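Written below as structure tokens is the structure these notes are about.
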Amino acid sequence: MTFAYVDPRERETIRAHQGEDVWVLLNHVKADKCGEYVHFLHEILKPALAHIHPETYNKVRVLHPSLPNKDGTYTYIFLMDPVVADGIYNIEEILHSFYRPELADEYMKIWNDSLASPQVEYDMIQSPW
């Protein structure tokens, strides 16, 4: 499986400019599903997105939690910084565009089973600061 190489220096410059859209997506993951979730992010979703839409891949960051939440879940954060106007962000669409249908469905099950609650989305605009 190959995907677009991104120079690490380029990824270090990801950041919206004033007035650009930024999305912050919170994913509350069940404690016993963190390993599967991390595997999904890095071994399944990442190469699929990098292959089908490298521009979107190059503008997405993923933050891992350092501690659990009070309820025992763990919050993983996606930052779309900045949002790519024609970007592909729908996880199901990404998986179905890259993997055969039955495998994509299996991967969606991993995603859905790991979440303790629905994804929370914040649509933001980069300030001058």
| message | Could you identify which residue out of R61, R100, R15 has the top mean-square fluctuation in a GNM of the chain using Cα springs shorter than 10 Å? | response | R100
| task | At a Cα cut-off below 13 Å, give the aspartates and glutamates reachable from K59, other chains included and same-chain residues fewer than 8 away excluded. | result | D7, E10, E12, E20, D21, D81, D86
| If we count every other residue with Cβ under 15 angstrom of D32's Cβ, Lys/Arg +1 and Asp/Glu -1, where does the sum land? | -1
| query | Gain in length, V84 to E36, computed as 0.36 nm per residue apart minus the alpha-carbon separation, to one decimal in nm? | reply | 14.5 nm
| Got a sec? Which residues in the stretch 35-55 would a label at I110 touch, if it sits 7 Å along Cα→Cβ and we count backbone N under 14 Å? | 35-49
| query | So how many Å³ per residue does the convex hull of the Cα atoms of the chain work out to? | reply | 118
| query | Can you work out the FRET efficiency for the pair Y122 and E102, with r the C-beta to C-beta distance and R0 = 22 Å, to the nearest 0.05? | reply | 0.05
| What are the lysines whose alpha-carbon lies under 22 Å from the alpha-carbon of K30, with same-chain residues fewer than 8 places away excluded? | K46, K70, K109
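Okay, helix-only estimate at 222 nm for the chain: each DSSP H run of n ≥ 4 adds -39500 (n - 2.57), divide by all residues, round to 500 deg cm²/dmol; what do you get?
Calculated from helices alone, the mean residue ellipticity at 222 nm is -8500 deg cm²/dmol.
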| query | For the chain, modelled as a GNM with alpha-carbon contacts under 10 angstrom, which of E93, E102, E36 fluctuates the most? | reply | E102
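The numbers here are math on the coordinates, done by the rules we state, and not lab data. Keep in mind the model is a prediction, meaning the values are calculated, not measured. Using ideal geometry, Cβ is built from the backbone for each residue, glycine included, and neighbour counts are taken over all protein chains shown.
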